[in-house]
1. Going through GLU231, GLU193, GLU206 one at a time, which residue ends up being at positive phi, buried (at least 16 other Cβ atoms within 10 Å of the Cβ) and in contact with a strand residue (DSSP E or B) (Cβ under 9 Å, 6 or more places away or on another chain)?
2. Counting only residues that are of a type in the set (S, T, N, Q) and more than 23 Å from the chain's Cα centre (by Cα), which one in region 174-205 is farthest from LEU271 (Cα to Cα)?
3. Looking at (1) more than 26 Å from GLN190 (Cα to Cα); (2) under 20 Å from the mean Cα position of the chain (by Cα), can you tell me which one VAL140 breaks?
4. Limited to region 206-260, what total is found for residues that are under 17 Å from the mean Cα position of the chain (by Cα), basic (Lys, Arg) and within 19 Å of GLN190 (Cβ to Cβ)?
5. Only one of these conditions is not met by ASN161: (1) out of contact with any Leu (no Cβ under 8 Å at 6 or more places or on another chain); (2) over 29 Å from ARG54 (Cβ atoms); (3) polar (S, T, N, Q). Which number is it?
6. Among the residues of region 80-128, which ones are in a helix (DSSP H, G or I) and either among the aromatic types (Phe, Trp, Tyr) or farther than 19 Å from ARG162 by Cα (or both)?
7. Could you tell me which residue of region 129-165 is nearest to ALA59 (Cα to Cα), considering only residues that are in a loop (DSSP other than H, G, I, E, B) and among the small types (Gly, Ala, Ser)?
Amino acid sequence: MRTHIGAGRVRGGFSLIEIMAVLAIIAILTSIAVVVAGRVTNSGRIQATQDIIRILDTALDSYVASREASVPPAYKDDADVFHPLWDGRAVGSAADAAAEPSVQLFLLIAAEVPEVETTLQGLDAKFVSRATIGTNGNFVRKYVNGTLTNVNALVVKDAWNRPIRFVHPIWQGGAGDYWNGTSVTGGRPQFLEYDVNGNGSISAQERIRRSYRPFDPANPGVANPVGDADEGICPGNRPYFYSAGPDGDPGTRSDNVYTKKPEFPPETRNLE
């Protein structure tokens, strides 16, 4: 009797289609894992940033309770230079200019209250550093051993390693042209202004732009544009802190991190 060796033999390999199907499944699972991991990471960073902001909120409460007064709108250094606590940019600034050091200036003012120093000790050291700061091209300066010296100010950053932002009621709301979804439009004040030094007149250095998106996203004019600020209005006329979130852009308000979310001006409330 002749035996047919090939009859009933088990196939010893995969077809090209089967291999491609397996690779496709692996790719899909990998992409899902990456998305989930990213969400978990961002969730942890959001929580860490909210914890930082809560500590700063407590420091603010301690300052107000001790002084029985609100935070002044500017810090006066030992060189008699006023540094506004604004969250925005100088009028005419490019859309990639650095944010003003509003939190650092607030902390210089608040450090006069011992309870604030105690509160700030609750900050994780990895979110705290020191750096020289300035506004309008002027460094903040103090006398050290009789010599005017640039201040090495406390810098508090969020979990994405960017400075937390501080909004003072004097500098709240929006100002300047903004992107309305179709074009850059005007129709509102081009700047916020305040007589910081109280000399009865307002200079160009006492005016800021505070637009959530002062440029055409398709043609911003710079490589890495971000908005000036969130345009937030202080809840109950109380200052607030916030983070620009994962993208580092305060103008994309949907991913900003708040503990007390502000209202926004009606003209840009529903825009990003």
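1. Details: GLU193 fails: at positive phi; GLU206 fails: at positive phi.
The match here is GLU231.
2. That would be ASN199.
3. All conditions pass for VAL140, except number (2).
4. Number of matching residues: 3.
5. Single failed check for ASN161: (2).
6. We begin by selecting, within region 80-128, every residue in a helix (DSSP H, G or I); these are 102-110, 114-120, 125-127.
PHE106, ILE109, ALA110, PRO114, GLU115, VAL116, GLU117, THR118, THR119, PHE127, listed by residue number.
7. The initial filter retains those residues of region 129-165 that are in a loop (DSSP other than H, G, I, E, B), namely 133, 136-137, 140, 145-146, 151, 158-162, 164.
From what is left, the residues that are among the small types (Gly, Ala, Ser) are 137, 146, 159.
Details: GLY137: 28, GLY146: 30, ALA159: 19 Å.
So the residue we want is ALA159.
Results for (1) more than 18 Å from GLU100 (Cβ to Cβ); (2) assigned to a loop (DSSP other than H, G, I, E, B); (3) among the aromatic types (Phe, Trp, Tyr), shown as yes or no for each residue.
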| position | (1), (2), (3) |
| --- | --- |
| GLY181 | yes, yes, no |
| GLN190 | no, yes, no |
| ILE208 | no, no, no |
| VAL222 | no, yes, no |
| PRO225 | no, yes, no |
| ASP230 | no, yes, no |
| GLY251 | no, yes, no |
| THR268 | yes, yes, no |
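Since every read-out is calculated from the coordinates, none of them should be taken as a lab result. Since we're looking at a predicted model, the values are computed, not measured. Cβ coordinates were reconstructed from backbone atoms using ideal geometry, including for glycine residues, and neighbour counts include every protein chain displayed.
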